[in-house]
1. Identify all residues within region B:192-206 that are touching a residue at least 12 places away in the same chain (Cβ under 8 Å) and outside any helix (DSSP H, G or I); write none if there are none.
2. I'd like the residue in region A:7-62 that is without any contact (Cβ under 8 Å) to a residue 60 or more places away in the chain and of a type in the set (D, E, K, R) and, out of all such residues, is nearest to B:ALA136 (Cα to Cα).
3. Which ones in region A:5-44 are part of a helix (DSSP H, G or I), closer than 19 Å to B:ILE22 by Cα and among the hydrophobic types (A, V, I, L, M, F, W, C)?
4. Could you look through region B:192-232, keep only residues that are at the interface with another protein chain (Cβ under 7 Å from one of its Cβ atoms) and among the hydroxyl-bearing types (Ser, Thr, Tyr), and pick out the one that is surrounded by the most Cβ atoms within 10 Å (Cβ to Cβ)?
5. Please go through region A:99-136 and pick out each residue that is surrounded by 14 or more Cβ atoms within 10 Å (Cβ to Cβ), more than 10 Å from chain B (Cβ to nearest Cβ) and among the aromatic types (Phe, Trp, Tyr).
6. Within region B:264-273, does at least one residue satisfy the condition of being touching a residue at least 40 places away in the same chain (Cβ under 8 Å), assigned by TED's automatic domain parsing to the domain that holds B:LEU11 and hydroxyl-bearing (Ser, Thr, Tyr)?
7. Could you list all residues from region B:236-247 that are assigned to a loop (DSSP other than H, G, I, E, B) and more than 14 Å from chain A (Cβ to nearest Cβ)?
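The values are calculated or read from the model by the stated rules, or taken from the named source; none is laboratory data. Fair warning: this is a prediction, and the values are worked out from it, not measured in the lab. Virtual Cβ from ideal backbone geometry, glycine too; neighbours counted across all protein chains shown.
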Amino acid sequence: MVLPYWDVFGVWIAAAITVWLYSFAFKDNVLYKFSEHLFLGVAAGYSFTLGLDAISRTGIAPIVTEGELGYIVPIIFGLLFFGKYLGRYAWIARYGSMFVLGVGLSLAVRTAPEAFILKQVAASILPLYVPGDPVMTITHILMVLIIIGGLLYFVFTFVPGGGERRPTASYRVYEVLTRIGIYGMMVGFGALFARTVMTRVAFFIGRLTFLMSPEALGATIVATILAAIAIVYSYTQERRRSTAGSAQSSGAAQTS
Amino acid sequence: MSVAEKIYNILSIRQLLYVLLIIMVLIPLLHPFGIPISISSRVREVYKYIENLPDNPKVLIEIYYEPAAATELEPAVGAILRHLVAKNPKIVFVSLIATGPIMFERLKSYVPDVFEKLKYGEDYVYLGFLTGGETACASLARGIKEYVVRDNYGRPTADMPIFKYANKAEDFDLVIIASSGTDVFEWYVRQWFTPYHVPLLFVALSVIAPSIEPFVAAGQAIGMIVGQRGAAEYELLIGKPGSALAAMDAQSFAHGLVIAFIILGNVFYWIIRLQRKEIPGR
């Protein structure tokens with residue numbers, strides 16, 4: 001498939017920006033900085049445009065086409081946010097945020113207790129013996145122990161055995177359970193780290209596949225050479241600065 | 001400096017890890033090995049659920065990710081769409097994130113075979129990016145065409161036949177949320193599942209999976225497809241290999257490298273400590 005000139009140019013830019021952003025892994029350099037700023041600027045501009053488009057389709061269009069005048073009220077509340085640029089009248093911005101917070105909070109709170117507390121608690125009440133399935137039995141026992149242990153670990157107000165942590169039977173049970181809780185959390189963090197690696201590698205595979213595509217390969221090679229030059233230049237600049245710095249400090253020592 | 005310390009110092013150079021990572025990912029991409037993968041029971045359950053959906057299922061798909069995350073999420077959404085399209089679905093696409101419109105256009109070019117079979121306005125519609133986060137999510141559940149008067153391309157939604165079948169939360173057979181963040185899953189659990197009991201399916205990044213696992217375990221979602229691996233398994237199930245399956249060798253090689261570095265780092269760390277007669281834990 002032959003891409004239009006404009007699309008080919010876009011692919012080249014994308015390839016160059018990708019290489020230059022990855023070049024930070026080796027050394028901070030001028031091309032990385034350029035790409036970073038370009039990305040932030042484009043992202044801000046894009047989000048602003050799409051935000052305006054969404055307001056136009058869901059807020060202004062109903063007023064203009066359907067005559068739904070009620071939509072003027074939220075638009076006014078939205079405009080109040082700009083009040084913070086009005087100096088002594090900055091307080092009017094609070095009415096906008098008050099409205100947004102109020103609506104958001106009431107919507108979330110309406111179902112949060114059931115969705116986030118009751119359902120989760122119910123899901124953690126598991127049968128400790130599953131007939132004919134030893135793996136599930138062990139899994140359920142471990143889950144219950146880790147939940148209790150994890151919760152106990154974060155209870156700071158009460159420790160069995162008092163402040164001196166006397167080696168009473170209840171304290172020993174508490175100690176064993178919190179240890180199980182800690183190990184459970186460690187396993188959880190380990191899984192999280194492994195999954196983070198998986199995601200980052202997947203992102204990298206995606207970018208590398210793109211960089212190796214026939215449309216982007218030429219730009220990738222040129223961008224890599226430029227990035228290598230920028231990294232070398234960055235190293236030499238750093239060395240020059242550190243040499244100048246040490247010469248200055250030795251000069252100051254001699255003077256004193 | 002002992003030999004162990006020298007090796008440890010060499011292993012600590014992060015640039016070395018990056019160069020090796022590039023090599024380990026490039027080799028299988030240039031020369032695929034086809035390492036076999038197994039299909040997890042979780043992905044199989046999702047497949048069965050979609051297989052058992054009635055004909056003309058009404059599905060809402062939330063496209064909530066950025067270009068970087070497309071590598072993990074797009075293959076999964078593509079594979080599910082390829083599976084769904086055989087049932088002549090009515091699909092409403094929506095994005096509560098600003099990058100959604102770009103990602104939707106990318107999705108269309110990723111699975112052109114799917115969109116060729118669907119007629120715009122009748123079988124599918126894209127509402128575009130909607131501001132408001134959870135508030136927008138709640139408004140969609142109450143009535144889509146009343147809330148979104150014009151779609152992503154500026155066409156009026158009032159005349160679109162698709163909304164005769166798929167307008168309110170109660171009309172939908174399934175909501176698929178493909179997201180690179182955690183928030184949006186919570187929004188749909190709060191605004192679509194809890195009040196209306198609409199079945200949810202999560203398509204998530206690998207890193208997000210532990211955060212949303214409690215919703216699946218509690219039955220608030222019918223299941224989840226996690227990352228590139230989950231997508232590869234789904235591609236295998238539908239018998240249409242795609243980009244996720246092609247990336248599995250590179251994933252395996254890269255993970256092997258990270259595991260090797262973790263093992264080597266720990267081995268040399270302990271050797272150095274023992275050489276210095278530092279007894280661990282004291």
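1. If the condition is that a residue be touching a residue at least 12 places away in the same chain (Cβ under 8 Å) and outside any helix (DSSP H, G or I), then B:VAL198, B:PRO199, B:LEU200, B:LEU201, B:PHE202, B:VAL203, B:ALA204, B:LEU205, B:SER206 are the ones that fit.
2. A:ARG57
3. So in region A:5-44, the residues part of a helix (DSSP H, G or I) come out as A:5-25, A:30-44.
Cutting the leftovers down to closer than 19 Å to B:ILE22 by Cα gives us A:14-25, A:32.
Correct list: A:ALA14, A:ALA15, A:ALA16, A:ILE17, A:VAL19, A:TRP20, A:LEU21, A:PHE24, A:ALA25.
4. B:SER206
5. A:PHE99
6. Checking region B:264-273: at least one residue is touching a residue at least 40 places away in the same chain (Cβ under 8 Å), assigned by TED's automatic domain parsing to the domain that holds B:LEU11 and hydroxyl-bearing (Ser, Thr, Tyr).
7. B:GLY239, B:LYS240, B:PRO241
Each row is one residue, and each column tells you yes or no for (1) surrounded by 18 or more Cβ atoms within 10 Å (Cβ to Cβ); (2) charged (D, E, K, R); (3) part of a helix (DSSP H, G or I); (4) away from chain A (no Cβ under 14 Å).
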position	(1), (2), (3), (4)
B:TYR234	yes, no, yes, yes
B:ASP249	yes, yes, yes, no
B:SER252	no, no, yes, no
B:ASN266	no, no, yes, no
